[in-house]
Amino acid sequence: MTLQVRGLCKAYGQVVVADAIDIDLSVGQCLGVIGPNGAGKSSLFHLLTGTVGADAGHIALDGKTISGLPAHQRARLGVARAFQVPQPFGNLTVFHNVLAAATFAGGLRGDAAAQAAMAALQRCSLDKMAQKTAGVLPLLDRKRLEMAKAVAAQPRLLLLDEVAGGLTEREVHQMVELVHELKQSYAVVWIEHIAQALRAVADRIMVLHFGRKLLEDHPATVMDSAIVREIYMGVPANAAT
């Protein structure tokens, strides 16, 4: 088991963003996460990466407890995140952006870091753009760069935050292919609003609402459920499908 979460809780006063969440996830699996705005999706990632501390609960990665560890130590142990809005070092090359991730998050040095950076670029179809300035990349390639940085960090757990958001239908298909390939090597948690993207990759989908897990099941079962139609998609449960 790569990721095990038990009873994860977090509240800001009366606002609960994580309400006793449990997760089990192994390498080769993708857990999709959906829910309306304010459901606690981003807060879940903050808690997993350690940028926010939990009020209660236990997080383990590869059997090692990471609860209470700061973000940089969790990164070194294999937790990597690709952000919704790419923010590369715009004046650096694509290669040097990924090299920074291999060095500072992955803990590699010298030739090992350079080789890891190039391998990540190749895996994310960016190797031919290695010497381009990151700031001039179009959106799809900036998203790929986010993915490559995460891969170069030598993760076991890959957290993807709406990496298909803002892309065209054709580009979403390309991103789906990339995530599908990456999940063969990592345990993946993917927050995404594009239902067909999750259907194509996720083994299970978890529905969050006000920090509470309402449902976790096969993608088709979740997307066809009354909970998703009413709460997430805004369609009354008794409406015709």
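Restricting attention to region 1-39 and to residues that are among the small types (Gly, Ala, Ser) and in contact with a helix residue (DSSP H, G or I) (Cβ under 9 Å, 6 or more places away or on another chain), the residue that is farthest from Met206 (Cα to Cα) turns out to be Ala18. Filtering region 165-192 to residues that are within 15 Å of Gln29 (Cα to Cα) and basic (Lys, Arg) leaves only Lys183.
Being among the β-branched types (Val, Ile, Thr) and closer than 30 Å to Ser43 by Cβ, is that true of even one residue in region 80-99? Within region 80-99 (the criterion being among the β-branched types (Val, Ile, Thr) and closer than 30 Å to Ser43 by Cβ), the answer is yes, since at least one residue qualifies.
Criterion applied to Val79, Val27 was being closer than 29 Å to Ala112 by Cα, surrounded by 20 or more Cβ atoms within 10 Å (Cβ to Cβ) and touching a residue at least 24 places away in the same chain (Cβ under 8 Å), and the one residue passing it is Val79. Counting only strands (runs of 3 or more DSSP E) wholly contained in region 139-241, the ones carrying 2 or more residues that are without any contact (Cβ under 8 Å) to a residue 60 or more places away in the chain, surrounded by fewer than 22 Cβ atoms within 10 Å (Cβ to Cβ) and outside the structural domain of Ala116 (by TED's automatic domain parsing) occupy 212-217.
When you look at Ala101, is it touching a strand residue (DSSP E or B) at 6+ places or on another chain (Cβ under 9 Å) and either under 26 Å from His180 (Cβ atoms) or of a type in the set (Phe, Trp, Tyr) (or both), yes or no?
yes
Return the pair list, or none, for Cβ contacts closer than 7 Å from residues in region 31-45 that are over 17 Å from Arg81 (Cα atoms) to residues that are in a loop (DSSP other than H, G, I, E, B), at least 6 apart or on different chains. If the second residue must be in a loop (DSSP other than H, G, I, E, B), the pairs left are Ala39/Phe210. Report whether or not Phe95 is in a helix (DSSP H, G or I), buried (at least 20 other Cβ atoms within 10 Å of the Cβ) and over 19 Å from the mean Cα position of the chain (by Cα). Here the answer is yes, as Phe95 does meet what is asked. The residues on offer are Ser67, Ser42, and the sole one that is surrounded by 16 or more Cβ atoms within 10 Å (Cβ to Cβ), more than 28 Å from Arg144 (Cα to Cα) and either in the same structural domain as Arg142 (by TED's automatic domain parsing) or polar (S, T, N, Q) (or both) is Ser67. Among the residues of region 104-138, those that are buried (at least 16 other Cβ atoms within 10 Å of the Cβ) and part of a loop (DSSP other than H, G, I, E, B) comprise Gly106, Leu108, Cys124, Ser125, Leu126, Ala130, Leu137. Within region 55-76, the residues that satisfy the criterion of being without any contact (Cβ under 8 Å) to a residue 60 or more places away in the chain, of a type outside the set (Ser, Thr, Tyr) and within 18 Å of Asp24 (Cα to Cα) are Ala56, Gly57, His58, Ile59, Ala60, Lys64, Ile66, Arg74. Cβ separations smaller than 8 Å between residues 6+ apart or across chains give the following pairs from region 109-135 residues that are closer than 14 Å to Glu146 by Cβ to residues that are of a type in the set (Val, Ile, Thr) and part of a strand (DSSP E or B): Ala134/Thr93.
The values are calculated or read from the model by the stated rules, or taken from the named source; none is laboratory data. None of these values were measured; they are calculated from a predicted model. Don't worry about glycine lacking a Cβ; one is built from the backbone with ideal geometry, like all the others, and counts go over all protein chains shown.
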